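Student: The structure follows.
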Amino acid sequence: MSEEDGMIVENPSDEERHEAGGKLVMVKSLHNEIEASIVKTLLETAGVQCALITPVPHNVYPFTIDGLAEIRVTVLESDLEAARTILEDYESTAADQSSPREDDPQSQ
């Protein structure tokens, strides 16, 4: 993502990708626009530039049929390993928080 004259460019241009170190590669595929926005925010907060790519706008076809609702979270190839690590850490933390703890009296 870049800023030009105060405008935010959601998807980096070919020139920006080349300057930043390469092509875009998919790090995650989702079928929920809210979850995709959370993942995008998580990555960008950690300093990893990303773009959400979907074959059709969700406001036109807001349902899942044969992959129409697929949202591909893409990052620069040079950031792929960092993005995977960030997402794995987030998913393991979320899983830990969702499972009941033995010392929690409300879970008994």
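The values are calculated or read from the model by the stated rules, or taken from the named source; none is laboratory data. In this text, all values refer to a predicted model and were calculated from it rather than measured experimentally. For neighbour counting, all protein chains shown are included, and Cβ atoms are generated from backbone atoms with ideal geometry for every residue, glycine included.
Student: Which of the residues that make up the range 12-48 are at pLDDT 80 or above, assigned to a loop (DSSP other than H, G, I, E, B) and touching a helix residue (DSSP H, G or I) at 6+ places or on another chain (Cβ under 7 Å)? Break it down stepwise before answering.
Tutor: The first filter runs over the range 12-48 and keeps only residues at pLDDT 80 or above, leaving 23-48.
Restricting the remaining residues to those that are assigned to a loop (DSSP other than H, G, I, E, B) gives 23, 31-32, 46-48.
Result: Lys23, Ala46, Val48.
Student: Which residues, counting only those in the range 59-82, are surrounded by 15 or more Cβ atoms within 10 Å (Cβ to Cβ) and either at pLDDT below 90 or at positive phi (or both)?
Tutor: Leu68, Ala69, Glu70, Ile71
Student: Here's a follow-up. Evaluate the following for Ile86: is it over 15 Å from Ile34 (Cα atoms) and at pLDDT below 75? Break it down stepwise before answering.
Tutor: Details: over 15 Å from Ile34 (Cα atoms): yes; at pLDDT below 75: no.
Spelling it out, it is not the case that Ile86 is over 15 Å from Ile34 (Cα atoms) and at pLDDT below 75.
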